[in-house]
Amino acid sequence: MDETNSTKETSSIKANPQSADWMESFFEKIEKKDSKYLLNFTTSNHPADIAEVLEKLDIDDAFYVFKLCDSEQQSEILVEFDEDLQAELISRLNMKEISPIVENLETDDVTNLISEIPKAKAEEILNSLDREDSSQIRKQLNFREYTAGRLMTTEFASAYETDTVRKAIIKLRRIAKETDDIYLLYVTDSENHLKGFIKLKDLFLAPLNQKVGRLVKEEVFSIHYDTDQEQVARMFRKYDMVSAAIVDDLDRIIGRVTVDDILDIVQEEASEDILRMGGVSEEERLNTSIWDSIRRRLTWLVINLGTAVIAASTVAVFQDTIQSFVLLASLMPIVAGMGGNAGTQSITVVVRNIATGDLSQANWTVGFKKEGIIGVINGLTIGAITGVAVFFYTGKLALAIVIFLAMLANLIVAALVGACIPMLLKVLGIDPAIASSIFVTTTTDVFGFFCFLGLATLFLQYLV
């Protein structure tokens, strides 16, 4: 009976990393070193699901399960991990174990892996590969990070424009044995200059003796190797591409990028922008050590402390006014806080439009005018609501007018600064997602305090 139950238990083990109970049971299997169960787990699940489970384990347990897989599985699982975990696992393997894993990877995955591990280990891995593969990866490592050259894989299907369909299919079958995800056949001249592409359906339906040059699509969506990966992602979205040829300075095809790579880039770039806007390093992960997290966040907090001192200094200038009418101290954070919120809204919209390519230097005035109008309307609305509330609470019309004018002015400034700062940083070559929020928040705090307390000083005789 026990044996039967054991067989049923391990016959099909589907990963459920979102379930705390399932993960607890999985931890128990690891503690017991139940290799039979764990082997069934690795053979019953997709590599991405296995990777998701292993990422929730500590490094020793993850390495134990990883080692139970064969080299082909290890290759498929490895590419699903983030760079830090990839580097940690590779550092624990010897070259005899690493070589078959790397041989199963496409050149873009190998390049990405090599760039994240120590140079000595990277050189050792490169030397273990055959001369052609090693030479190709070294060339790819010379491309700038975060460009199409780094992103591409050098395995692709191609044929000369003078080849027959029969010959092209033979070439296609040969490359298909070595690489996955072939969507298009690229067509070149005798010197490898890209002439276009052929969809596989069109290739297989064409007469075998026909020249492939006659099947070529006229539109050629090629991408230069030095194109930033964000721009590559925008081109894929704009033209609904599944694969794109990467070319050199002479328009010769040197690789290709596929849509699965682009999905990863889109996620990475979105996560990076969100983290940077929060003052957190894009390299920080759940398994990042406490000290590394502190080190990466502390710089941003120190900068914010400096801006807080500037805002406090502005308040100190008006300390006599505040002492004369203490109620101002409870109202001034409202003006500054609402300005900060309005500025954050503008930043978020503008940075997002810059990232998608919808906003550029060519049309930034459109965004500036729009945010200005929104600032005026929001300022009038929020200012009126706040002014009425203050009047009913205090019975002082002068105070209601002061906070209305201060709120109106600060929300207009917040909207305009929120629209300008990201674009200005972009022109200066600084990532808008990194520094926009600190400039805008400082501006709205300082201006909000100055405007509110300055107006209160002018109207002080009507307030006390």
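The values are calculated or read from the model by the stated rules, or taken from the named source; none is laboratory data. Just so it is clear, the model here is predicted, and its values are computed rather than measured. Positions of Cβ are generated from backbone atoms using ideal geometry, with glycine treated the same way; all protein chains shown enter the neighbour counts. The area values use the complete protein model at the heavy-atom level, side chains included, leaving out ligands, DNA and RNA. Shrake-Rupley method; radii C 1.70, N 1.55, O 1.52, S 1.80 Å.
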Calculate the spin-label point distance for residue 20 paired with residue 144, positioning each point 7 Å from the Cα along the beta-carbon direction, and give it in nanometres.
4.7
On the full set of protein chains, 1.4 Å probe, figure out the accessible area of residue 76 and give it in Å² to the nearest 10.
80
With the charge dipole of the chain built from beta-carbon charges (+1 for Lys and Arg, -1 for Asp and Glu) about the Cα centre, the Cα from 401, 439, 317 projecting farthest to the positive end belongs to 401
Packing-ranked peptide list from 164-172, 341-349, highest mean Cβ count within 10 angstrom first, is 341-349, 164-172
Out of residues 5 or more away from residue 254 or on other chains, whose amide H comes under 5 Å of its own, with H placed 1.01 Å from N in the peptide plane?
246, 247, 248
Judged on accessible area alone, 1.4 Å probe, highest first, 364, 291, 22 line up as 291, 364, 22
Taking a quarter of the surface of the Cα convex hull of segment 3-136, what do you get in nm²?
8.4
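Under the definition of Cα pairs under 8 Å and six or more residues apart, what whole-number percent is the relative contact order of the chain?
With pairs under 8 Å counted, the relative contact order is 10 percent.
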For residue 82 and residue 250, FRET efficiency with R0 = 35 Å and r from the beta-carbon atoms, rounded to 0.05?
0.45
Which of the following values of Rg and Dmax of the Cα atoms in Å was calculated from the structure shown: (1) 22.0, 72; (2) 29.9, 97; (3) 25.9, 100?
(2)
Exceeding the 28 Å Cα-Cα cut-off - candidates 67/177; 29/119; 29/121; 96/177; 139/171
29/119; 29/121
Quick one: accessible surface of residue 307, probe radius 1.4 Å, all protein chains present, in square angstrom to the nearest 10.
30
Taking Cα pairs under 8 Å and at least six residues apart, what relative contact order does segment 45-155 come out at, in percent?
24
Extension gain, residue 319 back to residue 460 (0.36 nm per residue minus Cα-Cα distance, nm)
49.5 nm
Report, to the nearest whole %, how much of the accessible area of segment 158-261 belongs to carbon and sulfur atoms, 1.4 Å probe, protein only.
47
Using a 10 Å cut-off on Cβ atoms, rank the peptides 414-426, 33-45, 396-408 from the highest mean neighbour count down.
414-426, 396-408, 33-45
Farthest positive-ward along segment 290-462 dipole, Cα basis, beta-carbon charges - from 366, 381, 328
366
Rank these residues by their accessible area, most exposed first, probe 1.4 Å: 64, 146.
146, 64
Grab the DSSP H runs of the chain that are 4 residues or longer, score each as -39,500 (n - 2.57), total them, divide by all residues and round the 222 nm result to the nearest 500 deg cm²/dmol.
-21500 deg cm²/dmol
Using protein chains only and a probe of 1.4 angstrom, how many square angstrom of residue 106 are accessible, to the nearest 10?
40
Cut-off under 24 Å on the C-alpha distance; same-chain residues fewer than 8 positions from residue 369 excluded. Which lysines are left, in chain and number order?
426
A student applying the Cα gyration tensor rule (rounded when a/c is under 1.5; otherwise prolate if a/b is larger than b/c, oblate if not) would label segment 290-462 oblate
